[in-house]
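Okay, so here's the structure we're looking at.
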Number of protein chains: 4
Amino acid sequence: MLILMRADAGAADLERVLDLLRESGIKPQVTRTEDATCILGPDASKALNAEQISALAGVRKVVRISSPFKLASLDGAMGRTVVEVNGVRIGGGDLAIVAGPCGVESRDQLFTVARYVADSGVKLLRAGAFKPRTSPYAFQGLGLEGLRLLEQVRAEYSLGIVTEALDVETFDAVEAAADMVQIGARNMQNFALLRRAGRCGKPVLLKRGPSATLEEWLYAAEYILAEGNRRVVLCERGIRTWSDHARNTLDLSVVPAAKALTHLPVMVDPSHGTGRRDLVVPCARAAVAVGADGVLVETHCNPEKALSDGPQALLPSDFAQMVGQLEGIHRVLREAKGALSGLALNGL
Amino acid sequence: MLILMRADAGAADLERVLDLLRESGIKPQVTRTEDATCILGPDASKALNAEQISALAGVRKVVRISSPFKLASLDGAMGRTVVEVNGVRIGGGDLAIVAGPCGVESRDQLFTVARYVADSGVKLLRAGAFKPRTSPYAFQGLGLEGLRLLEQVRAEYSLGIVTEALDVETFDAVEAAADMVQIGARNMQNFALLRRAGRCGKPVLLKRGPSATLEEWLYAAEYILAEGNRRVVLCERGIRTWSDHARNTLDLSVVPAAKALTHLPVMVDPSHGTGRRDLVVPCARAAVAVGADGVLVETHCNPEKALSDGPQALLPSDFAQMVGQLEGIHRVLREAKGALSGLALNGL
Amino acid sequence: MLILMRADAGAADLERVLDLLRESGIKPQVTRTEDATCILGPDASKALNAEQISALAGVRKVVRISSPFKLASLDGAMGRTVVEVNGVRIGGGDLAIVAGPCGVESRDQLFTVARYVADSGVKLLRAGAFKPRTSPYAFQGLGLEGLRLLEQVRAEYSLGIVTEALDVETFDAVEAAADMVQIGARNMQNFALLRRAGRCGKPVLLKRGPSATLEEWLYAAEYILAEGNRRVVLCERGIRTWSDHARNTLDLSVVPAAKALTHLPVMVDPSHGTGRRDLVVPCARAAVAVGADGVLVETHCNPEKALSDGPQALLPSDFAQMVGQLEGIHRVLREAKGALSGLALNGL
Amino acid sequence: MLILMRADAGAADLERVLDLLRESGIKPQVTRTEDATCILGPDASKALNAEQISALAGVRKVVRISSPFKLASLDGAMGRTVVEVNGVRIGGGDLAIVAGPCGVESRDQLFTVARYVADSGVKLLRAGAFKPRTSPYAFQGLGLEGLRLLEQVRAEYSLGIVTEALDVETFDAVEAAADMVQIGARNMQNFALLRRAGRCGKPVLLKRGPSATLEEWLYAAEYILAEGNRRVVLCERGIRTWSDHARNTLDLSVVPAAKALTHLPVMVDPSHGTGRRDLVVPCARAAVAVGADGVLVETHCNPEKALSDGPQALLPSDFAQMVGQLEGIHRVLREAKGALSGLALNGL
C-alpha cells in the first residue's frame, strides 16, 4: 500500500496512520521530502483496507500495490485460460461464435433458428428460457418449458446450449439443461447468484454490467472463481452512456484492456451492445478485430414477430454472411500474430 | 401507440405495420401529409409491444401513449402515498430522517451510534447486517448475528430499523428483524428479489440503480407493487457518471421529476450519493430543499475504524448540526407551500 | 511527484525513470519494500510532466503533489474571493441572483422581463445578444443590436448586465456593454477566448463545460487568471449523462467540492441544468442549500413565444415566489454558519 | 412535425398549439382516438421550432419529420462524398491512414517520424503546431515555427499535412501550411471557428466532441458545409464516459450509425480514443473492421520524450506492423462487399 499524505497534514495525522498500520501488523516505511510525505508498506489485509485509511484525516491518496484479483489476475497465472464448450475452444487464439434468438418462444421458432445456425457451421446456440425484463408486464420467457425445448434442440442439432440463469431458485434447472450458464448484465453484482455460479459444474459466461468498470467486472469474476469454478468467460455487451445513436455504447477497447489484467477469455455481444440490427455485423467484425475470443449474436427467423429484442436480431441471410466475414478477419489476425511486439499482443 | 413512418417507407411497409396491429386487435388510424405518415391507436398489449413494431421495416419512431406504470403512476392515483414506519411518516409533507452506520460491526458500535442518533430526535436507524461488497474478500456483514443486534438496539432505543435484504435466501430473516426492508442499488433489477419484496409485510425502501433511468426505477417499483406490497419508498443514491470529484453524481433533479410521475415518496441518500464526508451535509440540505420526503445518512462513532464506507460517515457532532439545518430548510418549504403555482409544486 | 513502479518493472526501468528525473534537475528519493518500489520528488516543471513519466516502461502510477492551479487554488490563497457586480457581492456569504431571458429578442420582451426582475429586488439581469446554437439554422441572437438594447435596459432599471461573449471577434463589443461577461459551457476550453477574457476589464462568469471534470474547469479558470483578470466566478450548469429525465444532470455536489479546492465563488444555473421549467425552482432551492454563492435563472414574460429555451424559462409569478424561497433557505444557512465543524463548512 | 398531446391536455391547450402552428403558416392535421390526440404537419421553419412547441402546456412530445441536416444528410445526397488529400481518397471504399506525432517538437523529431511514416507507404502526416492544452502551463506547440517545419517536411517526403487550427486568429497561417485542416474535439462547437473552416480552401477533418451526440456532430459539420466548404471528413476520437480503463471510450458503433445518416466519410482516431499505447493497434484494427474510411494514429520516434501524449504514441516498429494488419482487414471487407444485404452495408 502506498499512502500519500496531504500537504497540510500534521505530525499527529501521520502518527495516526502509522499507528493504524502497525496495529494491523504492517511495517510502514516513511519517505519525506520538503513538499511531501509518503508511506509504503505491504497491502492491507481483510482487517484493514484502503478505504479505511482513506477515511483518516490528512490522507490524500491510497494506492494498492498488488492485484486484488487473486484468481482472475494474469499476474502469476499459468497461462491464459481456454474454456471448452461442446468442442468449441473459447480462448487460446480460436474464434468462438455463439448465436441464436434472444428468447425461446416456441418449438418452431427455436428449431428454425437452430437449423440455420447449425448449417452455418456454428456449434453454440444461445437462447433464454428465463428472460430478465425491465417491465413486470413484458414476456418473461417460457421458463422450464423453454429449458425442455433447449434440451430437444441440442439433441437434434448437436449444438451446445448457452442460456441464462436469472436467480438462485431456478439455477439447478438451468444448470442441468445448459452447456454454459450465462449470468446477465443486470445480475453482474448479484452476489448470491455469482456464488451459486461458482459452485456450478458448467462453464459460466459473465456479462459485464451496464455501468461496471473493468475492475468491478473482474471482482465479479473473482466471486465465481473463489467458489471453485474456474471456467469463466467474460462478455462485453455495451455500457450505458449518453451517446444515443445506439441502445448501449459497445466498449471494445475493454477487450485488450481486460486481457492485460486477466487470463480469462473475453467475448463480445454486439447485439445487446448496439440494439440496432444494422450495427450488429459491423460491430461483430470490430469485436473480432479488437482481439475478442468470440462473439455472441442474436438472430431470429422472423425478427418482427420476436417477443423480445427483435430490432437487434440479425436476419438469417445477414447472419450467414457475417460468419464468413468474421472468419476472414480472424485469419488476418492469426497470420499477424507472432510478428507483433509485446504491447500490441494484448489485443490478440 | 403513435407510430411515425420513415420518409422512405413504402406502401408495403405501411401495410405490414397495419397488419400487425390489426392481428393484435388494434384499430389503427392513419394520417398522411405530403411529407409524412403516422399511425395512431391504443397502446399495444402484452401480445404486441412497441419494441416489436420498432423492428419493422420503415418504422422510424414508436411512442407509447399511456403510462406503463399502472400502479406506480401518479395519473389515476388516489393522492400521494404516505408510508409510516415506527411512527414516522415518509411522504405527505413531513421530513423523515434515517441515520446510522453503513454496517453493523459490533454491539458496542451499534449501540453507541444508536444512542446519539436517538438523542438527536431521529427515530429511524439504518445499518446493514448483510453487506453487498464489490470484492469477495471484503467484510460481508455480520449476517444473522447482525440482525439479532438490530433487534436488541430497537428494543433499547425505540428506533425503527431500516436494513438491507441482499437475496431471497436470507429475506425471511431480514423481514422478521426489520421495520423497513431496503433493496440496494445493485439489486434494483434483481427481479426475483423485487418479487419477494412485493410479498413482504414490511415497507420497502427501493434504491435507484447506479445506471437506472427514472423509467427503469419506476418499473422496478412496479415489480414490487404488482405483487401486492403498496408501501414502497424510492431512494436516490447517486448515479455513475464520469464526473470524478465524488464517488457518484447525486442526481437531485430526479426527485421533482419522479414526483411528477409517481405517487410514491422519494428519499435521498447523500452518503452513497457522494462518498465524501465533507459533501454529505451540503447535499443533505440540498435534498430537503429540492423536495425530498427525507434523507438517509451514514454516521459512525469512529469512522476511521469503520469496516465499510468510513470516508463517507458523518461524525457525531456534524450529524447533530445537520439535523438542525435540515429542519430549518424544511420549515421554509412548508411555509412556502400553497403559495406556489402548479408546476413548481412538483418539487414540494 | 510520487511514482509507483509496476511489480514487474526491472532495474533498467527504474534507472530510466531516475535518469529522466535527474535530467530535469529533480533529485528523487527511492523507497523499496519486498513488493514495491516508489519514487518521491518535487513535482515536474514545464520541462517534464507527469504524462511523460507515465509513458515510461515499468511505471504504474504518477501522482502530482502540489496543486496545478497556482492562482485558482485555495491553498495559499488570501481568503475567498468576492466579486462585486453592480453592487451585488458574489461570494463572501451573500446570495446573488441573476435572472432574465435566455436571449434578447426585442425591446419589448427585454424591458418587460427586466421590469419584473427589478421589481422582485434582483439587481443582475442575464440575456444573450449572441447565442451559441447547435444548428446553424436556429436563431443566433440579435448581435450588436441586442447589446444596444442591453445598454438601454441597464440605464432604465439600474440592472447590472450579464451577457455572453461567443468569440474573440465580438468580445470588445460585449465587454463594452456588459457588467459581467459570460463564457458559455461549450466554450469552456476555447483557449483563445479564455485568454481574451483574462485581459478583460470586467468580471467573468465561467460556465462549466458539459463534460468537464472539476479539475478541467479549474484549469479553464486558471487560463483567465493567468492573464491578469482575478474577478472570475464559476457556474455549474449541468453535465451530460445518460440520465434522461432532464436535459442535463445538475451536479450540485460539485459546489462544495469546488469550494474545497478554490477560493473562487461558485454559482449554479438550474435552468440549463435541467431544461425543464418544473424542475428549475426545486433545483434553485437545492443550489442555495448546497452552498452556492448564487443562482442564474431564466425567466420569460411569454415562454411559449421564446425564440430559444422556452421550455425552461420560469413564468413571472413562479419567479417572484422562487426569490422568496431562496432567501428563506439562505437565512437558514447563515444562521447555521459558525456552528459547523470544519468539514461541513466547505459547503457554506 | 408530429406532436403528441398529453392525456390530460384540454381543448384550450390543443387550440393554443394549433393557433401557433397556423400563425407560422403551417396547416395541421389533427387525429383523435379515445386515449390520445396527435397533430401532424410540415416541420417548423426558422420562425417556429420544435422547442417552442414543447414549451406549450399540454404538449408531451414533438418529433421532427425531415432531417435537420440539409447538406450533411444522406437523404437526397448525390452519392457518398470522397475527399481527396495528397492523392489519398478518404471515402469511396478506400482505406486512408494518417499518422504522425501529437505535436511538432523539433525538426529532428518531425523528420525522423516522417521518414518512417513515409517508408511504411502512408502518405498523410499528422502533427500539431498549435496544441490545445488543458493547463495553461503545458507545452502549447511551436506555433508558426511548427508550421514552417511542416512545410519543409512535406517538401522532403511528399507527405500531405493534416494539422489543427485552434482559433480564427491563426487560421490563415494554418490553412496556408496544411493540406487538410483539423478542427479538434474541444472546438467542435466553436461556431466562429466552424464558420471560418467553412470558408477555407482546404478539406476539413472534424473531430467529434467528447460529449457530442451524433446529431450534434452532424450539426457541427452542417455549420462548415453551409459556408460552402463541402470537403468535410468526420473523425470519431472517443467520448467521455465513466469507463475508466482508458482515457476515453472509443464509440466505434457511431461509424456505421453516422454512415446511415450522412454522405460524409468517417475516420477514427484510436490514439486519443484510448490514450493507451497498448490499446491503439487493436482499436485501429477494429476501426477498419467496423467500416471506417480511415484511421488517424499517433506515433513517435521516442514516446518517452514526447512533450504531449507520449503514453498513447505507437513505437515505430508497432506502427509498421499495424499498417499491414489494417490492410489485411480492409481486404476482407472489400471482398465481402456486394455480398451483403442493405442493412449491413451501412457499415462498409
Over 30 Å between Cα atoms: which of A:Lys337/D:Lys123; D:Lys131/D:Lys337; C:Lys131/D:Lys61; A:Lys70/B:Lys131; A:Lys61/D:Lys305 fall into that group?
D:Lys131/D:Lys337
What is the mean number of Cβ atoms from other protein chains located within 10 Å of the Cβ atom of each residue in peptide C:206-213, rounded to a whole number?
5
Within 10 Å of each residue's Cβ, count the other Cβ atoms and sort B:Thr170, B:Thr241 from fewest upward.
B:Thr170, B:Thr241
Between copies, how close do the B:Ala57 label points come, placed 7 Å along Cα→Cβ, listed in nm from shortest?
4.7, 5.7, 7.3
From phi via Karplus (6.51, -1.76, 1.60), per-residue ³J(HN,Hα) for segment B:148-160 in Hz, x at Gly/Pro
4, 5, 5, 5, 5, 5, 4, 4, 5, 10, 6, 9, x
Over the whole of A:322-328, what's the average partner chain Cβ count within 10 Å per residue? Rounded to a whole number, please.
4
Can you list the distances in nanometres, one decimal and ascending, from the B:Arg148 label point to the identical position in each other copy, with the point 7 Å along Cα to Cβ?
4.6, 8.4, 8.5
Treating the point 7 Å from Cα along Cα-beta-carbon as the label, what are the nm separations from C:Glu169 to the other copies, to one decimal?
1.6, 6.6, 6.8
How much length is gained if the chain between C:Ser317 and C:Arg331 is pulled fully straight, taking 0.36 nm per residue apart and subtracting their Cα-Cα distance, in nm to one decimal?
2.8 nm
Eigenvalues of the alpha-carbon gyration tensor of segment B:210-290, times 5 and square-rooted, give semi-axes in Å, largest first, of 24, 13, 11
For helix A:107-119, what angle does its Cα long axis make with the longest principal axis of chain A, in degrees from 0 to 90 and rounded to 10?
80 degrees
For the ranges B:162-168, D:16-22, what's the packing order if you count other beta-carbon atoms within 10 Å of each residue, average per peptide, and put the highest first?
B:162-168, D:16-22
Average projected area of the Cα convex hull of chain B, in nm²?
20.4 nm²
With springs only between Cα atoms under 10 Å, which of A:Pro203, A:Pro316, A:Pro28 fluctuates most in a Gaussian network model of chain A?
A:Pro28
D:Glu215/C:Tyr116 FRET efficiency (R0 60 Å; Cβ-Cβ; nearest 0.05)
0.95
Between D:Met78 and D:Glu15, what is the FRET efficiency for a Förster distance of 51 Å, r being their Cβ-Cβ separation, to the nearest 0.05?
0.70
By counting other Cβ atoms within 10 Å of each Cβ, how are D:Lys207, B:Lys70, A:Lys123 ranked from fewest to most?
B:Lys70, A:Lys123, D:Lys207
Please state the shape class of segment A:1-105: rounded when a/c is under 1.5, otherwise prolate if a/b exceeds b/c and oblate if not, all from the C-alpha gyration tensor.
prolate
Signed unit charges on C-beta, dipole axis of segment D:2-64, positive-most listed residue D:Leu21, D:Leu56, D:Met5:
D:Leu21
C:Glu151 versus B:Asp172: modelled label distance in nm, points set 7 Å from Cα along the beta carbon direction:
8.2 nm
What's the long-distance tail for segment A:2-64, i.e. % of Cα pairs beyond 19 Å?
18 percent
extent check for segment B:107-160: Cα max minus min per principal axis, descending, whole Å, gives 37, 19, 18
For chain C, what is the mean residue ellipticity at 222 nm derived from helices alone (per DSSP H run of n ≥ 4: -39500 (n - 2.57); sum divided by total residues; nearest 500 deg cm²/dmol)?
-10500 deg cm²/dmol
Can you grab the distance from the C-alpha centre of segment B:92-108 to the C-alpha centre of segment C:151-196, Å, no decimals?
48 Å
For chain C, find the longest principal axis of its Cα atoms and tell me its angle to the long axis of helix C:214-226, 0 to 90°, nearest 10.
80 degrees
Taking Cα pairs closer than 8 Å and at least 6 residues apart, the relative contact order of chain A in percent is 15 percent
Amide H neighbours of B:Arg6 under 5 Å, counting only residues 5+ apart in sequence or on other chains, H built in-plane at 1.01 Å?
B:Val59, B:Arg60
Rounded to a whole number of µm²/s, how large is the Stokes-Einstein D of the protein assembly as shown at 10 °C and 1.306 mPa s, given Rh as the Kirkwood radius over C-alpha pairs?
49 µm²/s
What does the charge dipole of segment A:2-64 about its Cα centre add up to, to the nearest 20 debye, if the Cβ of each Lys and Arg holds +1 and the Cβ of each Asp and Glu holds -1?
200 debye
Go ahead and set up a Gaussian network model of chain D, Cα springs under 10 Å, then flag whichever of D:Met322, D:Met78, D:Met188 fluctuates most.
D:Met78
Just report the Cα centroid separation between segment B:293-319 and segment C:54-82, whole Å.
29 Å
Normalised Cα Rg of segment C:78-201, dividing by 2.2 N^0.38 Å with N its residue count, works out at 1.06
Beta carbon of chain B nearest to the axis of the rotation taking B to A, residue and angstrom distance:
B:Ser211, 2
Pairing the Cα long axis of helix B:11-23 with the longest principal axis of chain B, what angle in degrees results, from 0 to 90 and rounded to the nearest 10?
60 degrees
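Where a number appears in this text, it was derived from the coordinates with a stated rule and is not lab data. Keep in mind that this is a model prediction, so the values were computed, not measured. Every residue, glycine among them, receives a Cβ derived from its backbone with ideal geometry; neighbour counts consider all protein chains shown.
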